[in-house]
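Take a look at the structure set out below.
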Amino acid sequence: MQPSEPTARVVVGVDGSPSSYAALRWADRYARAVGGVVEAVHVWDTPSAVGFAGPAIDPDFDLEQARERFAAELEATFPGERPPGLKEILVEGDPSETLIRASQGAELLVVGRRGRGAFARAMLGSVSQRCAQHAACPVVVVRQETESDPVH
């Protein structure tokens, strides 16, 4: 890659699921292969922000919990040392909308596949499905790794 060329941005959604860990590892391998950078995006929301009728929730407490979960997810995916150039982005909001916005100007959006059945997907929709339909760049949907999958 010539110095004048922009660096490829690879955006990946991280939600704590095994498939999102696999997506993050896949995105890192791809970014290294093309000389790009990974933007790991963790989206959280405050139940009170979407009309939850329960007890009042301290948004700072929710933010701190989200930061701790995100740090734990990155540590679980990359034990010991995070890849160089990994950009960590923590956003409050809807996961689909946030990832679709983040796909603007990206070379690739990588998301995990939770593996819900067709009925649940039809009734609830899925983040990966919405991203595949509306992202501004190509989307890779990564399934959860299994014991029989080769180590990369």
task: Tell me which residues, restricted to region 5-30, are over 23 Å from ARG69 (Cβ atoms), in a helix (DSSP H, G or I) and not basic (Lys, Arg).
output: TYR30
- line: Residue hits (region 78-98; in a loop (DSSP other than H, G, I, E, B) and surrounded by fewer than 17 Cβ atoms within 10 Å (Cβ to Cβ)) are PHE78, PRO79, GLY80, GLU81, ARG82, PRO84, GLY85, GLY93, ASP94
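Listed here are the residues, each with its yes/no results for (1) under 15 Å from VAL141 (Cα atoms); (2) at pLDDT below 95.
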position	(1), (2)
PRO3	no, yes
THR7	no, yes
VAL12	yes, no
ASP15	yes, yes
SER20	yes, yes
ASP28	yes, no
ALA31	no, no
GLU39	no, no
THR46	no, yes
Of residues in region 99-119 being open to solvent by 50 Å² or more (accessible area, probe 1.4 Å) and in a loop (DSSP other than H, G, I, E, B), the one modelled with the lowest pLDDT: ARG116
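The values are calculated or read from the model by the stated rules, or taken from the named source; none is laboratory data. Not measured: the values here are computed from a predicted model. Note that we place each Cβ from the backbone using ideal geometry, even for glycine, and neighbour counts take in every protein chain shown. Just so you know, the surface numbers come from the protein's heavy atoms only, side chains and all, with ligands and any DNA or RNA stripped out. Shrake-Rupley method; radii C 1.70, N 1.55, O 1.52, S 1.80 Å.
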